[in-house]
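Contents: one structure, followed by commentary.
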Amino acid sequence: MTVAQAKPKDLPVGANLPFIYREYSAERLKQALHKMYLIRQFEEGAEESYMRGLIHGTMHLSIGQEASAMGICMPLTNDDQITSTHRGHGHCIAKGAEVSRMFAEFFGKTTGYCGGLGGSMHIADVSTGNLGANGIVGGGIPIAVGAALTAKRLKSDRVVISFFGDGANNEGAFHEALNMASLWKLPVIFVCENNGYGMSTSMARSTAVPNVADRAAAYSMPGVIVDGNVLSDVAEASHEAVRRARAGEGPTLIESKTYRYRGHSKSDRNRYRTKEEIEDWMTNRDPIVRYENELMEFGIIDKAGVEAIREAVAKEIADGIEFAKASPSPEIRDLERYVYTETV
Amino acid sequence: MDQAVRELSYAQAIQEAMAIAMETDERVFLMGEDIGVYGGAFQVTGDLVERFGADRVIDTPISELGGAGVAVGAAVTGLRPIFEFQFSDFATLAMEQIVNQAAKMRYMLGGAVSVPVVMRFPAGSGTGAAAQHSQSLEAWLGHVPGLKVIQPATPYDAKGMLLAAVADPDPVMIFEHKLLYKTKGPVPEGYYTVPIGKAAIRREGRDLTIVATSIMVHKALEAAKTLEAEGIDVEVVDLRTIRPMDKETVIESVKKTSRLLCVYEGVKTLGVGAEVSAMIAESEAFDFLDAPIVRLGGAETPIPYNPDLEKATVPQVPDILAAARSLAMGGR
Ligand SMILES: Cc1ncc(C[n+]2csc(CCOP(=O)(O)OP(=O)(O)O)c2C)c(N)n1
Ligand SMILES: [Mg+2]
């Protein structure tokens with residue numbers, strides 16, 4: 001089963017076109033740009049609200065990594081599932097969540113996806129297949145394997161994506177999970193978003209192999225490396241992995257090489273990397289700019305079209321924040337609700 | 001010997017203790033996630049990597065189980081590791097090495113080795129970090145024979161108890177409440193130790209004993225001030241070590257005041273307060289009690305994200321005031 005359409009008529013033809021231009025309609029391609037902007041502006045909005053004291057705690061922003069979240073989710077249906085990470089806002093939006101309810105969660109309100117109990121680090125939308133971000137590095141990886149076991153046992157056509165960072169590949173859970181997934185040929189796809197660092201620790205200083213994808217060999221599954229800032233490349237790798245998974249051929253490990261612009265969290269002094277490195281990624285490899293230019297080059301969208309998307313997104317963000325502000329806070333008397341399942 | 005006393009924060013006091021330990025003993029080194037250039041998630045190691053180099057301030061990969069095990073192995077074979085967990089919650093990933101290995105190795109080998117490892121755990125709620133970054137798991141480790149478990153409440157104790165932990169031949173687990181890191185207090189320069197296993201009476205009183213741990217010591221002292229104005233004279237005992245527990249100090253205090261309130265942040269049920277209460281119930285102090293023992297602990301829930309709910313999950317000063325008032329009034 002695939003949600004992608006056959007080669008659309010409204011696009012330039014040619015075998016050399018990047019994957020997504022052969023696979024998707026102009027409408028879906030524009031939607032992808034819309035969502036990438038939505039992710040970026042959502043996080044900018046969250047960051048600003050945090051600075052203004054409207055959001056407490058901490059948060060991990062994925063600004064600069066939007067193509068990775070979006071590209072992986074493009075071939076997924078609403079029935080497919082993901083497990084996400086502490087840097088999970090992009091995954092949540094790409095999978096289909098509403099930004100208003102995400103803001104409400106960050107503001108600690110009852111209308112939030114977790115009723116104000118989870119916050120940024122536990123953002124989830126089970127209704128669109130997001131089983132949740134995670135406060136534990138690597139915590140979601142075996143859970144995705146479990147969800148894939150369910151999919152296989154119930155013979156649903158579902159695939160499960162496990163997002164995680166480069167840092168997570170050194171946790172035992174990663175290795176144990178990959179082994180079982182491969183052993184049992186489960187419909188799960190391991191997506192390592194390698195942004196170069198786990199907090200302050202570079203891949204070179206933490207990991208004995210140069211690429212996380214190299215680990216795939218040890219678990220007898222394909223290991224694929226893609227430029228995580230090129231939407232089409234990410235989507236293409238995801239398509240093939242999803243095809244394999246649905247066909248019962250087992251898991252794939254995709255390493256999506258990307259970069260985070262912001263500090264690790266709100267307490268980062270950026271001492272472990274240079275300004276030049278950050279600026280280079282921001283000015284030369286921004287995933288949104290890159291995709292937008294491509295769309296314009298192929299005549300799929302024009303300047304006015306891009307402007308319309310930006311404006312629509314800005315309004316969605318502003319409305320979302322208003323919704324969050326106006327929403328009620330949970331009551332202290334409900335503190336113990338949800339610790340266990342209520343019995344009637 | 002007079003050592004100059006300065007005001008240091010709790011985090012600075014710990015950092016100073018680690019620096020002194022490394023200066024005076026070549027075997028001492030630090031391991032943990034992002035403790036090098038980053039300076040630690042709570043800036044406790046700070047710039048120590050610049051002073052001692054990356055060979056002695058070692059950034060580990062994100063590998064709690066393996067990292068803790070490496071520290072145990074190094075300790076058994078002659079080094080003195082101080083292992084930092086980024087959050088105490090991640091002790092759950094390393095439980096195997098802590099509980100099955102570090103705690104039992106000496107015993108299982110009939111005394112052939114000892115395990116002089118120190119592990120540091122930033123703990124507690126109050127930072128809006130939600131359910132997986134806010135727990136108080138000290139009672140978990142307190143349940144394991146072979147481990148020593150401490151909870152210093154002041155900068156002075158944080159330094160002195162860490163130095164005592166490094167000198168200790170057995171594994172010592174240090175729970176540091178995150179909200180204490182920025183609190184300040186007098187700390188002498190140079191080397192000194194504060195004994196593990198000894199409680200401290202922070203305030204003497206006649207009417208009621210509050211036994212508190214970690215940040216709750218400060219909340220209890222604040223409550224005691226208010227209660228003094230109301231004519232209730234509170235004695236505050238800072239437990240400092242939960243394994244081995246200082247029975248004598250607690251028992252003597254309760255014999256004097258005849259009333260006991262235990263205040264701790266960990267989940268109330270099966271926690272530190274249960275042990276303190278049982279200790280009194282089993283001792284000669286039981287006959288001195290004028291009212292049932294009262295425990296104030298964490299709510300029976302994970303720590304929620306919403307800030308008001310988060311506050312409501314752990315004892316606050318008004319809760320201590322209310323409990324102390326009714327306890328002082330109740331009984332015979
Ligand atoms: C088990 C565990 N160890 C440590 C942490 C603290 N921590 C949170 S995110 C992070 C870095 C993760 O790096 P990576 O997996 O590369 O993801 P990124 O932050 O780069 O997206 C660390 C060390 C944690 N949350 N859980
Ligand atoms: Mg990373």
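For the range A:156-171, give me each residue that is farther than 18 Å from A:HIS86 by Cβ and either facing chain B (nearest Cβ under 10 Å) or among the basic types (Lys, Arg) (or both). Steps first, answer last, please.
Taking the range A:156-171 as the starting set, the residues that turn out to be farther than 18 Å from A:HIS86 by Cβ are A:156-160.
Correct list: A:ARG158 only.
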query = Among the residues of the range A:128-139, is any without any contact (Cβ under 8 Å) to a residue 60 or more places away in the chain, in contact with a Cys (Cβ under 9 Å, 6 or more places away or on another chain) and surrounded by fewer than 23 Cβ atoms within 10 Å (Cβ to Cβ)?
reply = yes
key: Among the residues listed as A:GLU236, A:GLU255, A:GLU279, the single one being more than 19 Å from A:TYR21 (Cα to Cα) and open to solvent by 60 Å² or more (accessible area, probe 1.4 Å)   = A:GLU279
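In the range B:290-315, how many residues are surrounded by fewer than 16 Cβ atoms within 10 Å (Cβ to Cβ) and closer than 25 Å to B:ALA130 by Cβ? Walk me through how you get there before you give the answer.
Of the residues in the range B:290-315, the ones surrounded by fewer than 16 Cβ atoms within 10 Å (Cβ to Cβ) are B:290, B:292, B:300, B:308, B:311.
In the following step, the residues that additionally are closer than 25 Å to B:ALA130 by Cβ were identified as B:300, B:308, B:311.
Summing the residues that are surrounded by fewer than 16 Cβ atoms within 10 Å (Cβ to Cβ) and closer than 25 Å to B:ALA130 by Cβ in the range B:290-315 gives 3.
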query = Quick one: in the range B:131-144, which of the residues that are in a helix (DSSP H, G or I) and among the small types (Gly, Ala, Ser) is nearest to B:ALA75 (Cα to Cα)?
reply = B:GLY142
ask   = List the pairs whose first member sits in the range B:244-255 and is over 21 Å from B:TRP140 (Cα atoms) and in contact (Cβ under 8 Å) with a residue 40 or more places away in the chain, whose second member is hydroxyl-bearing (Ser, Thr, Tyr) and surrounded by fewer than 18 Cβ atoms within 10 Å (Cβ to Cβ), and whose Cβ atoms are under 9 Å apart, counting only residues at least 6 apart or on separate chains?
value = B:VAL250/B:SER283; B:VAL254/B:SER283
task = State yes or no: is B:GLY36 within 20 Å of A:THR201 (Cβ to Cβ), in contact with a helix residue (DSSP H, G or I) (Cβ under 6 Å, 6 or more places away or on another chain), open to solvent by less than 10 Å² (accessible area, probe 1.4 Å) and assigned to a loop (DSSP other than H, G, I, E, B)?
result = yes
message = So A:MET51 ticks every box in (1) within 14 Å of chain B (Cβ to nearest Cβ); (2) open to solvent by 10 Å² or more (accessible area, probe 1.4 Å) but one. Which box is left unticked?
response = (1)
query = Assuming B:LEU162 fulfils every condition listed in (1) crowded, with 24+ Cβ neighbours inside 10 Å; (2) more than 16 Å from ligand 1 (Cβ to nearest atom); (3) over 14 Å from the mean Cα position of the chain (by Cα) apart from one, which condition is it?
reply = (3)
message = Looking at the range A:313-337 only, could you name the residues that are within 14 Å of another protein chain (Cβ to nearest Cβ), surrounded by 14 or more Cβ atoms within 10 Å (Cβ to Cβ) and in contact (Cβ under 8 Å) with a residue 60 or more places away in the chain?
response = A:ALA324, A:SER327, A:SER329, A:PRO330
Count of residues meeting criterion [within 21 Å of the chain's Cα centre (by Cα), within 16 Å of B:TYR192 (Cβ to Cβ) and open to solvent by 10 Å² or more (accessible area, probe 1.4 Å)] in the range B:8-33 = 5
ask   = Of all the residues that make up the range B:39-55, how many are buried (at least 18 other Cβ atoms within 10 Å of the Cβ) and more than 9 Å from chain A (Cβ to nearest Cβ)?
value = 7
inquiry  = Whether any residue in the range A:273-287 is within 15 Å of ligand 1 (Cβ to nearest atom), closer than 29 Å to A:ILE55 by Cβ and within 14 Å of chain B (Cβ to nearest Cβ) is what I want to check.
reply    = yes
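So, in the range B:63-77, exactly how many residues are open to solvent by less than 30 Å² (accessible area, probe 1.4 Å), within 14 Å of chain A (Cβ to nearest Cβ) and hydrophobic (A, V, I, L, M, F, W, C)? Walk me through how you get there before you give the answer.
Let us first name the residues in the range B:63-77 that are open to solvent by less than 30 Å² (accessible area, probe 1.4 Å), namely B:63-64, B:67-69, B:71-72, B:74-75.
Going one step further and asking which of them are within 14 Å of chain A (Cβ to nearest Cβ), we end up with B:63-64, B:67-69.
This time we only want the ones that are hydrophobic (A, V, I, L, M, F, W, C), so: B:68.
The total comes to 1.
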task = Pull up the range A:69-93, narrow it to residues that are within 16 Å of ligand 2 (Cβ to nearest atom) and among the polar types (S, T, N, Q), then point me to the one that is nearest to A:MET199 (Cα to Cα).
result = A:THR85
ask   = Does A:GLU66 fit the bill of being more than 14 Å from chain B (Cβ to nearest Cβ), away from ligand 2 (no atom under 16 Å from the Cβ) and either open to solvent by 10 Å² or more (accessible area, probe 1.4 Å) or of a type in the set (D, E, K, R) (or both)?
value = no
query = For the range B:287-322, how many residues are part of a helix (DSSP H, G or I), away from every other protein chain (no Cβ under 12 Å) and closer than 14 Å to B:MET216 by Cα?
reply = 5
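From the list A:SER232, A:SER206, which residue is touching a Pro at 6+ places or on another chain (Cβ under 7 Å) and within 12 Å of ligand 1 (Cβ to nearest atom)?
On inspection, the qualifying residue turns out to be A:SER206.
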note = Going through the range A:193-226 in order, the residues found to be of a type in the set (Asp, Glu) and either more than 16 Å from ligand 2 (Cβ to nearest atom) or open to solvent by 40 Å² or more (accessible area, probe 1.4 Å) (or both) are A:ASP214
ask   = Does at least one position in the range A:180-192 carry a residue that is within 14 Å of chain B (Cβ to nearest Cβ) and either more than 20 Å from the chain's Cα centre (by Cα) or within 14 Å of ligand 1 (Cβ to nearest atom) (or both)?
value = yes
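Scan B:ALA130, B:ALA153 and give me the residue that is open to solvent by less than 10 Å² (accessible area, probe 1.4 Å) and either within 16 Å of ligand 2 (Cβ to nearest atom) or away from chain A (no Cβ under 14 Å) (or both). First the steps, then the outcome.
Values: B:ALA130 fails: either within 16 Å of ligand 2 (Cβ to nearest atom) or away from chain A (no Cβ under 14 Å) (or both).
Being open to solvent by less than 10 Å² (accessible area, probe 1.4 Å) and either within 16 Å of ligand 2 (Cβ to nearest atom) or away from chain A (no Cβ under 14 Å) (or both) holds for just one of B:ALA130, B:ALA153, which is B:ALA153.
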key: Identity of the residue in the range A:81-96, open to solvent by less than 10 Å² (accessible area, probe 1.4 Å) and in a loop (DSSP other than H, G, I, E, B), that ends up nearest to A:GLU43 (Cα to Cα)   = A:GLY88
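Out of B:ARG106, B:ARG80, I need the residue that is away from chain A (no Cβ under 14 Å), more than 30 Å from A:ARG269 (Cβ to Cβ) and in contact (Cβ under 8 Å) with a residue 12 or more places away in the chain. Which one? Working first, answer last.
Details: B:ARG80 fails: more than 30 Å from A:ARG269 (Cβ to Cβ).
Being away from chain A (no Cβ under 14 Å), more than 30 Å from A:ARG269 (Cβ to Cβ) and in contact (Cβ under 8 Å) with a residue 12 or more places away in the chain holds for just one of B:ARG106, B:ARG80, which is B:ARG106.
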query = For the range A:97-120, which residues satisfy the criterion of being touching a Phe, Trp or Tyr at 6+ places or on another chain (Cβ under 8 Å), among the charged types (D, E, K, R) and surrounded by fewer than 24 Cβ atoms within 10 Å (Cβ to Cβ)?
reply = A:ARG101
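Considering B:TYR264, B:TYR305, which residue is in contact (Cβ under 8 Å) with a residue 40 or more places away in the chain, in contact with a strand residue (DSSP E or B) (Cβ under 7 Å, 6 or more places away or on another chain) and not hydrophobic (A, V, I, L, M, F, W, C)?
Details: B:TYR305 fails: in contact with a strand residue (DSSP E or B) (Cβ under 7 Å, 6 or more places away or on another chain).
Criteria check complete, one pass: B:TYR264.
Quick one: which of B:GLU222, B:GLU284, B:GLU230 is out of contact with any strand residue (DSSP E or B) (no Cβ under 9 Å at 6 or more places or on another chain), closer than 21 Å to B:ALA299 by Cβ and open to solvent by 20 Å² or more (accessible area, probe 1.4 Å)?
B:GLU222
The values are calculated or read from the model by the stated rules, or taken from the named source; none is laboratory data. Here the structure is a predicted model, which means the values were calculated and not measured. Quick reminder, even Gly has a Cβ in these numbers, built from the backbone with ideal geometry, and neighbours come from all protein chains shown. Each accessible area value is taken on the protein alone, full model and side chains, heavy atoms only, with ligands, DNA and RNA left out. Shrake-Rupley method; radii C 1.70, N 1.55, O 1.52, S 1.80 Å.
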